[in-house]
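The structure under discussion appears below in the form of structure tokens.
Bear in mind that the values in this text are calculations on the coordinates, not laboratory data. Because the structure is predicted, anything quoted here is derived from the model rather than measured. Neighbour counts are summed over all protein chains in view; Cβ atoms, including those assigned to glycine, are modelled from backbone coordinates with ideal geometry.
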Amino acid sequence: MVLLVAAGMLVQGGKQRAHALEEGGVFLSSAALSQGEVGLVRVRADGRKAPSVVWLEKEIPLSPNAQKTRWVGFLGVDLREKPGIRKILVRRSRDGPQRELAIRIVPKDYGVRRLTLPKAMVDLDAKTLERVRSESKIVNRLWGEPPLPPSWDGAFIMPLEGEVVGPFGRRSIINEQPRSPHSGVDLRARKGTPVRAINRGRVELTADHFFSGLSVVINHGGGVQSMYFHLEKIAVEEGDLVEKGQVIGYVGSTGRATGPHLHFGVRVNGSRVDPLGLISMSQAILE
């Protein structure tokens, strides 16, 4: 087996695979991130002044350990982010020298599915279209809000145990019309199954929307927001502070859904990312 390290990549058996990068007290989980992927940044500090990290022109709020000598945050790459080299800017203290590290964003094809649905489910009348646009504005405002300090505590958890029946990122062609890629994962579960918060955070939206049905959005701080759609019942209210594992609702099939399941999504720094990737990557916080 051939193993070569070059330009931040691990070449194994003729195929390139990104590996972690550590330089000058800054650790990156990978030197290359795919569209829709989550990365992790960890910065060593002296415990007196917080470090600064800027990624894709956004300040990334970091979470410190008890001694404030190690700070951790997440980097999001949106599904539609243009491939190429991007710089992450790091200062180990706010008034210290700036370090630049390069991360390569690479394209990823999540596949496509073709569906034929009744015309009434696809072609919306004027009144419904107006409702959908209004609801979209409400939700999109959430992604543009300034990030809160991290309130998440340790690794993120799954909202429920269930088979993935709708993978992240897959594009749909419905009645021969291209649709936006799937920005979350659909988890199979029986109606009434409890849905749990994936980490500590504040409920910033509870709503009943046309497409997503009964919906909950939680802001975990640090640029991380999670969403739970098609619920049968919501068990929290806007403004509630919830703990990791707390029941926030129950599986249903409200909105435009063909059967009971949970649509589980995550935004990191406003970017649409694979929620399962966040959960997997967050395990590194405990290392």
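May I ask you to derive the relative contact order of the chain, considering only C-alpha pairs under 8 Å and at least 6 residues apart, and to give it as an integer percent? Please list the in-between numbers first.
Numbers: 725 pairs, mean separation 49.4, N = 287.
It rounds to 17 percent for the chain.
What is the Cα centroid distance between segment 188-262 and segment 69-130, reported in whole angstrom?
22
Given H placed 1.01 Å from N in the peptide plane, which residues other than close sequence neighbours of Val273 have an amide H under 5 Å from its amide H?
Answer set, sorted by chain and number: Val266, Val268.
Give the percent of DSSP beta bridges with both residues in the chain that are antiparallel, rounded to the nearest 5. Let's see the in-between values first.
Values: 77 of 84 bridges.
Just about 90 percent of them are antiparallel.
Quickly work out the Gln67-to-Ile85 label distance, labels modelled 7 Å from Cα along the C-beta direction, and quote it in nm with one decimal.
Result for the modelled spin labels: 3.6 nm.
Tilt of helix 126-143 relative to the longest C-alpha principal axis of the chain, in degrees (0 to 90, nearest 10)?
Roughly 20 degrees between the two axes.
Choose one answer from Pro178, Pro83, Pro118: the residue with the largest mean-square fluctuation in a GNM of the chain with alpha-carbon springs under 10 Å.
Pro118
Go through segment 229-240 residue by residue and turn each phi into a ³J(HN,Hα) via Karplus (6.51, -1.76, 1.60, θ = phi - 60°); whole Hz please, and just put x for glycine and proline.
Taking θ as phi minus 60°, the curve returns 10, 6, 5, 7, 8, 9, 10, 9, 10, 4, x, 5 Hz for segment 229-240.
Run down the aspartates and glutamates and flag those whose C-alpha is under 18 Å from the C-alpha of Lys244, throwing out any fewer than 8 positions away in its chain.
Lys244 reaches Asp153, Glu161, Glu204.
As a footprinting exposure proxy, order Ser172, Ser215 by other Cβ within 10 Å, with the fewest listed first.
On the way: Ser172 15, Ser215 23.
Ordered from fewest to most neighbouring Cβ atoms within 10 Å, Ser172, Ser215 come out as Ser172, Ser215.
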